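The values are calculated or read from the model by the stated rules, or taken from the named source; none is laboratory data. Because the structure is predicted, anything quoted here is derived from the model rather than measured. Here Cβ is always computed from backbone atoms with ideal geometry, including for glycine, and neighbour counts include all displayed protein chains. Note: areas computed on protein heavy atoms with side chains; ligands, DNA, RNA excluded. Shrake-Rupley method; radii C 1.70, N 1.55, O 1.52, S 1.80 Å.
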Amino acid sequence: MRIAAIADIHGNDLALEAVLADIEAQAIATVVNLGDHLSGALNAARTADILIARNFASIRGNHDRWLIEKRPAEMGEWDRTARAQLAARHFEWLASLPETRVVADQLFLCHGTPHSDTTYWLDDIAPGGTMRISARERIEAFAAGIDFPVILCGHTHIARCVTLADGRLVVNPGSVGCPAYDDDEPVPHTVETGSPHARYAILEKGPGGWNVDFRLVAYDHMAMSQLAAERNMASYASALRSGWLAHAGEGSR
Ligand SMILES: [Fe+2]
């Protein structure tokens, strides 16, 4: 069994297409998609149309939920920018997605943790507002009762695999479309991966257990950075250009 896990596309259609081409080049037929498909500075509608046509096993992320639940006046800039591009068929697709799901009796899919689409799991906010690997006890606690050999999550945009004490894996494939961001909730913090690649993971059950292959795919990230800049999202443009947020003298933040 060989599957590709994608997450946190955030409307980056060029990154998504590059990742899908890389997946097809390796003849992987099964793709699972962990949410936050559309919100951001980029091409929400085209991304949605690609995903609707492919019909991957998908779940809903917090931003997908907010696109459905929130009124525009309540939305942040990422959701408002995406919402303005979307048609009824896109909202219907988002509303059809479950919060979690099980694939092939082996994989449990969630966005943040099994019980929350807004909680960071494998990484968490350190003093000073950067990210670091979560405490082992915290990681174990969120996996309680999830009786599948591989648990997949997204949301932090940081690729990581943690092996639990009983051998189960928790894997975050990283973000297809957004390699850095900052957020004020629950406290101000930044996530920076340091390169502009589109990220995803391949999981394969081998004789020794599950193998995990984190993939970094180069694509035309400068085109997407330019698009964010044209939409006056300077820090987002920096993230797409380099995997780092804008720093003093380089743009907003
Ligand atoms: Fe998220």
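Values for this structure:
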| quantity | calculated |
| --- | --- |
| Positions within the range 89-101 being farther than 23 Å from residue 41 by Cβ and over 19 Å from the mean Cα position of the chain (by Cα), in sequence order | 92 |
| Among the residues listed as 47, 119, 30, 113, the single one being farther than 23 Å from residue 215 by Cα and hydroxyl-bearing (Ser, Thr, Tyr) | 119 |
| Scope the range 227-238; condition in a helix (DSSP H, G or I) and loosely packed, with under 14 Cβ neighbours inside 10 Å; matching residues | 230 |
| In the range 152-179, the residues that are among the small types (Gly, Ala, Ser) and within 14 Å of the ligand (Cβ to nearest atom) | 154, 174, 175, 177 |
| Residues (within 16 Å of the ligand (Cβ to nearest atom), in contact (Cβ under 8 Å) with a residue 40 or more places away in the chain and open to solvent by 10 Å² or more (accessible area, probe 1.4 Å)) located in the range 9-67 | 60, 63, 65 |
| Residue tally, condition open to solvent by less than 10 Å² (accessible area, probe 1.4 Å) and within 14 Å of the ligand (Cβ to nearest atom), over the range 115-143 | 3 |
| Any chance residue 112 is small (Gly, Ala, Ser), within 14 Å of the ligand (Cβ to nearest atom) and either open to solvent by less than 30 Å² (accessible area, probe 1.4 Å) or touching a residue at least 12 places away in the same chain (Cβ under 8 Å) (or both) | yes |
| Residue match in the range 71-90 (condition: out of contact with any His (no Cβ under 7 Å at 6 or more places or on another chain), within 14 Å of the ligand (Cβ to nearest atom) and open to solvent by 10 Å² or more (accessible area, probe 1.4 Å)) | yes |
| Residue within the range 96-114 that is in contact with a strand residue (DSSP E or B) (Cβ under 8 Å, 6 or more places away or on another chain), under 22 Å from residue 153 (Cβ atoms) and among the acidic types (Asp, Glu) present | no |
| So residue 182, is it acidic (Asp, Glu), open to solvent by 20 Å² or more (accessible area, probe 1.4 Å) and part of a strand (DSSP E or B) | yes |
